[in-house]
Amino acid sequence: MALEKFSEIYHRAATRKGSNSDLEQRLAHPKSVKELSEIPDDRWLATFSQKIFQSGMNWQVVRNKWPGFEEVFWGFDIEKMCLTPPEMWEEKATNPAIIRHLGKVMTIPHNAQMMKSAAKQHGSFAQFVAEWPESDIIGLWAHLKKHGSRLGGNTGPYSLRMMGKDTFILSGDVEGYLRAHKIIEGGRDTRKSLHAAQEAFNQWQEESGRPLCQISQIIAFSVGDNSY
């Protein structure tokens, strides 16, 4: 795969942002394997749930309501979520303390079960995520999509990024860059496109020594409508 040198992408992004220093200040820093593994599983479920509710909605509205979610869903305790009977979920979905959306509420027990299953094999869901190799981060995306509920598209990746797991994001700007350079063609979420994107990011990571999240951000900053 003939890729643009990452140093050239970086220079363009730094120029658009003002300087190398200005660009560096905008970049995310992923957590270490140890830091990720120490995050309580309830916080992973809370983050997945928040991102699911934010999908198609104003993100700040969801954030403002989140204390109510934490109270109604008992702090997203995994065991409690797995043991809650179906009729109670329907009741919780009508609680005015949260955003009332039964379909999204029902993702909570589904994703709790997915996480509990992973925890049985790895000690905790956090450990499962922490140990997943970034060189195959699309494999983790696929796992969340297949075994979870409403965690496909960018919902799973954004959740991982929010929690500190190193991942690139196929945002509009990043997708646009990959298409312009013929790295991906056809559907964004096809196996072929995802593998091509992963291969490109792996090469840029080898060249730059940077985490995937920073490479993703730098690519986005180098193109699109985010000059300032």
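The values are calculated or read from the model by the stated rules, or taken from the named source; none is laboratory data. Everything numeric in this text was worked out from a predicted model, so none of it was measured. Note: ideal-geometry Cβ built from the backbone for every residue, glycine included; neighbour counts use all protein chains shown. Ligands, DNA and RNA are excluded from the accessible area calculation, which covers all protein heavy atoms including side chains. Shrake-Rupley method; radii C 1.70, N 1.55, O 1.52, S 1.80 Å.
In segment 197-209, what residues are in contact (Cβ under 8 Å) with a residue 24 or more places away in the chain and surrounded by fewer than 19 Cβ atoms within 10 Å (Cβ to Cβ)? Hits for segment 197-209 are E199, N202, Q203, E207, S208.
Residue count for segment 1-56 under the criterion of being touching a Cys at 6+ places or on another chain (Cβ under 7 Å) and more than 23 Å from A118 (Cα to Cα): the result is 1.
Would a scan of segment 108-124 turn up a residue that is modelled with pLDDT of 95 or more, polar (S, T, N, Q) and crowded, with 18+ Cβ neighbours inside 10 Å? Yes; the residues of segment 108-124 include at least one that is modelled with pLDDT of 95 or more, polar (S, T, N, Q) and crowded, with 18+ Cβ neighbours inside 10 Å.
Pairs are defined by a Cβ separation below 8 Å, a sequence spacing of at least 6 or placement on different chains, a first member in segment 27-49 that is closer than 22 Å to C82 by Cα, and a second member that is in a loop (DSSP other than H, G, I, E, B) and of a type in the set (S, T, Y); the pairs so defined are S37/S124; D41/S124.
Screening R12, R43, R63 for residues that are open to solvent by 20 Å² or more (accessible area, probe 1.4 Å), within 30 Å of R179 (Cα to Cα) and not small (G, A, S) leaves exactly one candidate, R12.
Exactly one residue out of S117, S149 is farther than 15 Å from F69 by Cα, more than 15 Å from the chain's Cα centre (by Cα) and of a type outside the set (K, R), and it is S117. Checked against (1) at pLDDT 95 or above; (2) within 16 Å of L144 (Cβ to Cβ), S55 passes all but a single condition, namely (1). Taking segment 170-183 as the range and being surrounded by fewer than 20 Cβ atoms within 10 Å (Cβ to Cβ) and assigned to a loop (DSSP other than H, G, I, E, B) as the test, the residues that pass are S171, H181, K182, I183. Residue count for segment 184-195 under the criterion of being surrounded by 19 or more Cβ atoms within 10 Å (Cβ to Cβ) and in contact (Cβ under 8 Å) with a residue 40 or more places away in the chain: the result is 1.
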